[in-house]
2 protein chains.
Amino acid sequence: MIEDIFTDEYFMKKALQEAQEAFDKGEIPVGAVIVVDNKVIARTHNLTELLHDVTAHAEMQAITSAANFLGGKYLIGCTLYVTLEPCQMCAGALYWSQISKIVFGAADTHRGYRVMGTKLHPKTKVVSGVMENECSALVKDFFKRRR
Amino acid sequence: MIEDIFTDEYFMKKALQEAQEAFDKGEIPVGAVIVVDNKVIARTHNLTELLHDVTAHAEMQAITSAANFLGGKYLIGCTLYVTLEPCQMCAGALYWSQISKIVFGAADTHRGYRVMGTKLHPKTKVVSGVMENECSALVKDFFKRRR
């Protein structure tokens with residue numbers, strides 16, 4: 001069956017490609033895609049350094065981009081794939097978007113939304129740890145090179 | 001002394017003018033300005049409906065605009081004046097910006113960052129309740145007309 005290829009890993013790989021693009025630009029390597037009906041409608045990566053803008057996280061750009069594509073601000077029926085656990089800001093934006101599902105790779109035990117206590121929308125489902133090692137390795141490699 | 005005119009009320013009035021512009025466009029009326037050395041470097045209002053974008057809160061736009069003006073992503077030395085208490089997303093963005101001071105008008109007891117438990121940067125000072133009645137009246141009037 002054709003649908004079998006559309007696993008969480010399938011879309012997380014696309015988010016990882018975005019994270020690699022961020023890495024190559026000297027940005028903290030986080031990538032995101034937003035999917036609806038197995039179709040990617042947004043693909044973004046962190047651009048906080050290039051844009052001098054703390055709001056330019058991959059997830060924030062993905063939310064804006066997906067809403068622009070859909071012509072409406074709510075992301076009901078959409079799934080966000082992001083390589084790193086969202087922060088307070090991104091989780092807060094996802095709350096407003098009422099997105100249906102969030103899939104993230106690596107946990108962020110320092111600044112992630114869970115340790116910070118940020119609330120998601122009650123209808124949002126969360127899957128964590130998809131391709132965790134690959135997602136985490138990219139971030140660790142980035143900070144190792146910066147030292 | 002000339003400095004005496006630059007009170008919190010002085011800048012909150014400018015944020016209220018922005019909130020009125022949002023009101024006139026049919027947006028939830030929230031306005032913001034960012035000030036450094038008594039100079040307004042960003043003035044924005046909520047545009048979530050017009051842009052179909054949950055991330056287009058007044059504060060988010062103000063952070064982006066101020067950072068663009070300053071040429072750097074940190075807002076150390078800056079003060080944000082906003083007519084309504086920031087939400088999780090905006091407080092999360094303010095956390096990353098390391099902004100020095102936040103002054104808000106009306107409290108948001110449902111979706112404000114305090115009731116939601118969002119953390120600000122430890123160096124950020126907060127002043128609340130400046131022109132609270134005026135800020136709150138605009139929001140109440142907006143929702144009354146929508147019913």
Check each of the trypsin sites (Lys or Arg not before Pro) in segment B:10-51 and keep only those in coil by DSSP with at most 14 other C-beta atoms within 10 angstrom; list them in order.
B:K25
Give me a comma-separated list of calculated 3J(HN,Hα) values for segment B:60-75, in order, Karplus coefficients 6.51, -1.76, 1.60 applied at θ = phi - 60°, integers in Hz, x for any Gly or Pro.
4, 5, 5, 4, 4, 5, 5, 5, 4, 4, 7, x, x, 7, 8, 10
Please give me the summed charge of the neighbours of B:M60: other residues whose Cβ is under 14 Å from its Cβ, Lys and Arg +1, Asp and Glu -1.
-3
Mind checking the log10 I(q)/I(0) for chain B at q = 0.15, 0.17, 0.21 Å⁻¹? Debye, one equal scatterer per Cα, no solvent, two decimals.
-0.68, -0.88, -1.37
Give A:K101/B:K140; B:K39/B:K123; B:K13/B:K144 a once-over and call out the pairs whose C-alpha atoms are over 26 Å from each other.
A:K101/B:K140
Along segment A:85-98, what does the Karplus equation 6.51 cos²θ - 1.76 cosθ + 1.60 (θ = phi - 60°) give for ³J(HN,Hα), rounded to whole Hz, x for Gly and Pro?
3, x, 8, 4, 4, 5, 5, x, 5, 5, 4, 5, 6, 6
May I ask you to report, in nm to one decimal and beginning with the shortest, the distances from A:Y74 to the same position in the other copies, taking label points 7 Å along Cα-to-Cβ?
4.1
Can you give the net charge of the other residues whose Cβ lies under 12 Å from the Cβ of A:H45, counting K and R as +1 and D and E as -1?
-3
Shortest-first nm distances, B:K25 label point to equivalent points in other copies (7 Å, Cα→Cβ)
2.6
If we count every other residue with Cβ under 15 angstrom of A:H110's Cβ, Lys/Arg +1 and Asp/Glu -1, where does the sum land?
+2
To the nearest whole number, what is the average tally of beta carbon atoms from other chains within 10 Å of the beta carbons of peptide A:38-45?
0
Over the protein assembly as shown: Kirkwood hydrodynamic radius from C-alpha pairwise inverse distances, Å:
19.5 Å
From the label point of B:F6, set 7 Å from Cα along Cα→Cβ, how far away are the matching label points in the other copies, in nm, ordered shortest to longest?
5.6
Under the Karplus relation with 6.51, -1.76 and 1.60 and θ = phi - 60°, whole-Hz ³J(HN,Hα) for segment A:21-32, x at Gly and Pro, equal 5, 4, 3, 5, 8, x, 9, 3, x, 10, x, 8
For the protein assembly as shown, give the magnitude of the charge dipole about the Cα centre (Cβ charges: +1 Lys/Arg, -1 Asp/Glu; no others), in debye to the nearest 20.
440 debye
Count the DSSP beta bridges whose two residues both fall in the protein assembly as shown, then state the antiparallel fraction as a percent rounded to the nearest 5.
55 percent
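Read-outs: derived from the displayed coordinates by stated rules, not from any lab. These numbers come from a predicted model, not from an experiment. Ideal geometry is used to build each Cβ from the backbone, glycine not excepted, and the neighbour counts take in all protein chains shown.
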